[in-house]
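*Asks:* Have a look at this one before I ask anything.
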Amino acid sequence: MTEVGRKYVFDFDSTLTRVEALDVLAEMTLQGKSNREDVIHEIQEITNLGIDGDISFTESLERRIKLLKAHKNHLNPLVDELRQKISKSIAANKEFFEKYSDDIYVISCGFKEFIDPIVKEYNIPSERVYANTFKFDEEGNIIGFDEKNVLATHNGKIECLKQLDLEGEVQVIGDGYSDYVMREAGIAHKFFAYTENVHRDKAADKADHVAPNLDEFLFINDLPRSLSYPKNRIKILLLENVHPAAFDNLSEDGFSVELIEQSLSEDELIEKIKGVHVLGIRSKTKLTPKVLDAANKLLVVGAFCIGTTQIDLDYCKKKGVVVFNAPYSNTRSVVELAIGEIIMLFRNVFPRSTEIHNGEWNKTAINSKEIRGKNLGIVGYGNIGKQLSVLAEAIGMRVYYYDIEDRLAMGNAVKCETLEDLLNVSDAVSLHLDDNKANVNFIGEREINQMREGAMLLNLSRGFVVDIPALVKALKSGKLRGAAIDVFPDEPKSNGPFVSELQGIPNVILTPHIGGSTEEAQRDIADFVPNKIMYYVNSGNTVDAVNFPNIRLPKQNKAHRFLHIHKNVPGIMAKINEVLATYEMNISGQYLSTDSDVGYVITDLDRDYNKEVIKALKKVENTIKFRVLY
């Protein structure tokens, strides 16, 4: 079943479990004590000193047990608590422990009283668990430990492993220096520093391999595992200072994540993207064919914004790179800013504010109007346009909208058949267009002339949709009485100086592309986009992908999942299934979606298969990308 003679020796605390059991016991026994936190902290410090070898283990154990003041009755609740604190990747790979139990040993300086019941559930019998045992007094109080047990002594793990005299290659998996010493003594052949729960530099620096999880250990040893490729080997690069919650969400799922605050130039990104599996960007990073050609491992791109014009979507598709964005997450933030700016423009608030900042008191109602009863024209009736429509109507405005697509009206909003009709009737026009290049200078001199005298213009969509010189002319001539501009044709890559012809014109609100920049919106985006990325990487799910056929997949159940992206030409499915039939693969489910350019087929298969089938599937003509998921 495994390589002849290979044996696996696991530590228990902070390896098989996420915690140190005696620390958990301390929290239970000291419940309600006034000095509880101080004693727990002291126990943790003593634990770490013993693990790192800075004091003898015997001394560490004696000092902790004296502080614990525990009773036999605490042990069953402790076991129940530890069952809830099994390391995430250990629990996910229960099958490995069950299949290879004859070759797995637990050598721990913890106690059999709580270790045995836990590892028994992983098919490791008590006779292969080597640990200390408690001493109890007549009343059941824990008063000490069996001092004759070799594991109660300094470097006792070395002596324990020597006495076992295991044949063949011995691999030790643990979090502490006290585990490494078995390798140092020459009686273990490899030491894996297990860092899923705690990273101890003293152990990691000495390790043959650092294992951030059990998947990495199993991958290196080519052993059965829940993941075909350890998540810690999947590199994610997040640019442009995306919300830290995105970093947290992806890191907590086990991926290796790097966060860079600014955007990168094409040359910088070409260098940085090599070896990256997932790229997260906002609006300023350009994803060009040159960058994508250098992206030798790229699977997916997450745009932490609405727009995707910065990404060459067609070239991504040709490369088999799936793109997700955040089309809804900042909708409310943009709408609230639009409502606020409409009110400010009609009330002439910004000129009054500037005057009083300059020491001038000018209390007047001239050019200050309520928005109730005014006509709001919304150009672009998508997610943002519709929500703006609802809120504007709720505060008393009459809403008109124009969209090139047939959109259902919200509330009492009136659809305009032409843009000119909308411009003629509106007291304020708010632009909510997408990033289609056909919308360049969508509002120019001709369109502005079609607007009402003294109307207002808001642009919170794309910088290129308004002809800025034409807008400046209209504002200075009095044709328009005000404007609110959040986006500009040319925006700086980072915060700093900025120049615009619109600066200094009265009743013009200028903001630095902050329509969606609220803490709530950025947090929502930092949840939404990583979730889409994780669904795709973990399961192959492409629902809501911008550039790819959408497939919603059921959860895998003890099956392999083959993900095959190919050019959409006739006969590919037949060739895929011909390969599967040749290798006698038993298909439990198959899902296909295509568009005009690519096909995406997912096949779920029984667990056991000939590895040659993967090579054969990769060789199917017109294959773009192929991945295997367990």
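None of the figures in this text is laboratory data; all of them are computed from the coordinates on show. All values reported here derive from a predicted model rather than from experimental measurement. Every residue, glycine as well, gets a Cβ built from its backbone with ideal geometry; the counts of neighbours run over all protein chains shown.
*Asks:* Of the options L422, I395, L408, report the single residue whose Cα projects farthest towards the positive end of the charge dipole of the stretch 331-516 (beta-carbon charges: Lys, Arg +1; Asp, Glu -1).
*Replies:* I395
*Asks:* Now, a different point. Counting Lys and Arg as +1 and Asp and Glu as -1, each charge on the Cβ, what is the dipole of the stretch 554-629 about the Cα centre in debye, to the nearest 20?
*Replies:* It comes to approximately 300 debye.
*Asks:* Another question, if that's okay. Restrict the search to the stretch 428-490; then list the GluC sites (Glu not before Pro) that DSSP places in a loop and that have at most 11 other Cβ atoms within 10 Å of their Cβ.
*Replies:* Passing sites in the stretch 428-490 are E453.
*Asks:* What percent of all Cα-Cα pairs in the stretch 554-629 falls into each 5 Å bin, going from 0 up to the bin containing the maximum distance?
*Replies:* P(r) over the stretch 554-629, rounded to whole percents: 3, 16, 31, 26, 16, 6, 1.
*Asks:* Within the stretch 145-181, find all residues whose amide N lies under 19 Å from a label point positioned 7 Å from the Cα of D208 along Cα-to-beta-carbon.
*Replies:* Residues passing the 19 Å test: 157-181.
*Asks:* In nm, to one decimal, how far is the S34 label point from the E578 one, both placed 7 Å along Cα→Cβ?
*Replies:* The answer from the label model is 8.4 nm.
*Asks:* Size of the dipole of the stretch 71-122 about the Cα centre, Lys and Arg at +1 and Asp and Glu at -1 on the beta carbon, nothing else charged, in debye to 20?
*Replies:* My answer is approximately 180 debye.
*Asks:* Provide V487, V546 in ascending order of the number of other Cβ atoms located within 10 Å of each residue's Cβ, fewest first.
*Replies:* V546, V487
*Asks:* With contacts defined as alpha carbon pairs under 8 Å and 6 or more residues apart, what's the relative contact order of the stretch 7-220 in percent?
*Replies:* It comes to 25 percent, rounded to a whole number.
*Asks:* Roughly how many whole Å is it from the C-alpha centroid of the stretch 41-58 to that of the stretch 381-444?
*Replies:* 67 Å
*Asks:* Positive end of the charge dipole of the stretch 170-224 (Lys, Arg +1 and Asp, Glu -1 on Cβ, about the Cα centre): tell me which of P212, G174, N197 has its Cα farthest that way.
*Replies:* Ranked along the dipole, the leading option is G174.
*Asks:* Return the Cα extents of the chain along principal axes one, two and three, sorted largest first, each rounded to a whole Å.
*Replies:* Result, largest extent first: 97, 70, 44 Å.
*Asks:* Which order do the peptides 245-255, 361-371, 16-26, 174-184 come out in when sorted by mean C-beta neighbours inside 10 angstrom, highest first?
*Replies:* 174-184, 16-26, 245-255, 361-371
*Asks:* Give the cross-link partners of K318 among the aspartates and glutamates, using a straight C-alpha distance below 16 Å as the criterion and excluding same-chain residues fewer than 8 apart.
*Replies:* By straight Cα distance, K318 reaches D293, D595, D597, E621.
*Asks:* For a 30 Å ceiling on Cα separation, which of these pairs sit above it: K369/K493; K94/K135; K94/K274; K72/K120?
*Replies:* K369/K493; K94/K135; K94/K274
*Asks:* Over the stretch 331-516, consider all pairs of different Cα atoms and compute the Kirkwood hydrodynamic radius from their mean reciprocal separation; express it in Å, one decimal.
*Replies:* Across the stretch 331-516, the inverse of the average 1/r is 16.7 Å.
*Asks:* Determine, for M585, M28, the number of other Cβ atoms within 10 Å of each Cβ, and report the residues in order from fewest to most.
*Replies:* M28, M585
*Asks:* Another question about this same structure. For the stretch 292-410, which semi-axes, largest first and in whole Å, follow from the square roots of 5 times the eigenvalues of its Cα gyration tensor?
*Replies:* Equivalent ellipsoid semi-axes, largest first: 41, 21, 10 Å.
*Asks:* Still on this structure: Round to a whole angstrom and tell me the spacing of the C-alpha centers of the stretch 561-582 and the stretch 252-317.
*Replies:* The stretch 561-582 and the stretch 252-317 have Cα centres spaced 28 Å from each other.
*Asks:* Which one of G589, I602, L617 has its Cα pushed farthest toward the positive end of the charge dipole of the stretch 584-630, where Lys and Arg give +1 and Asp and Glu give -1 at the Cβ?
*Replies:* L617
*Asks:* Over the chain, what is the relative contact order in whole percent, taking alpha-carbon pairs under 8 Å and six or more residues apart?
*Replies:* Relative contact order for the chain comes out at 9 percent.
*Asks:* Based on the Cα atoms of the stretch 7-220, what semi-axes does the equivalent ellipsoid have, where each is the square root of 5 times one gyration tensor eigenvalue, given in whole Å with the largest first?
*Replies:* Sorted largest first and rounded, they come to 26, 18, 17 Å.
*Asks:* Still on this structure, please answer the following. Can you sort L563, L61 by how many other beta carbons sit within 10 Å, fewest first?
*Replies:* L563, L61
*Asks:* Under a point-charge model restricted to the Cβ atoms of Lys and Arg (+1) and Asp and Glu (-1), what is the dipole moment magnitude of the chain relative to its Cα centre, in debye to the nearest 20?
*Replies:* Approximately 1680 debye in magnitude.
*Asks:* Let me ask another. Give me the Kirkwood hydrodynamic radius of the stretch 208-337 in Å, from all C-alpha pairs, to one decimal place?
*Replies:* Taking every pair of different Cα atoms in the stretch 208-337, averaging 1/r and inverting gives 15.9 Å.
*Asks:* Using a Förster distance of 56 Å, how high is the FRET efficiency between N73 and D222, based on the Cβ-Cβ distance and rounded to 0.05?
*Replies:* The formula returns an efficiency of 0.80 here.
*Asks:* Where both partners of a DSSP beta bridge lie in the chain, what percent of those bridges are antiparallel, to the nearest 5?
*Replies:* Antiparallel: roughly 30 percent of the beta bridges in the chain.
*Asks:* Only bridges with both residues in the stretch 92-207 count here: give the DSSP antiparallel percent, nearest 5.
*Replies:* Antiparallel bridges make up about 30 percent of those DSSP assigns within the stretch 92-207.
*Asks:* Here is a follow-up. Roughly speaking, what % of Cα-Cα pairs in the stretch 174-220 are separated by over 14 Å, rounded to a whole number?
*Replies:* Of all Cα-Cα distances in the stretch 174-220, 39 percent exceed 14 Å.
*Asks:* Mind giving me the nanometre distance, one decimal, between the label points for D52 and F136, set 7 Å out from Cα along Cα→Cβ?
*Replies:* Using points 7 Å along Cα→Cβ, the separation is 3.6 nm.
*Asks:* Okay, moving on. Ranked highest first by average number of other Cβ atoms within 10 Å, how do 512-519, 296-303 line up?
*Replies:* Order by mean packing, descending: 296-303, 512-519.
*Asks:* Roughly speaking, what is the stretch gain from A185 to A616, that is 0.36 nm per residue apart minus the C-alpha to C-alpha distance, in nm to one decimal?
*Replies:* The A185-A616 span can extend by a further 150.5 nm.
*Asks:* What does the charge count around R128 come to, taking other residues whose C-beta lies under 11 Å from its C-beta (Lys +1, Arg +1, Asp -1, Glu -1)?
*Replies:* Summing Lys/Arg as +1 and Asp/Glu as -1 gives -2.
*Asks:* Taking the simple approach of a point 7 Å from Cα along Cα-to-Cβ for both A91 and K120, what is their distance in nm?
*Replies:* 2.0 nm
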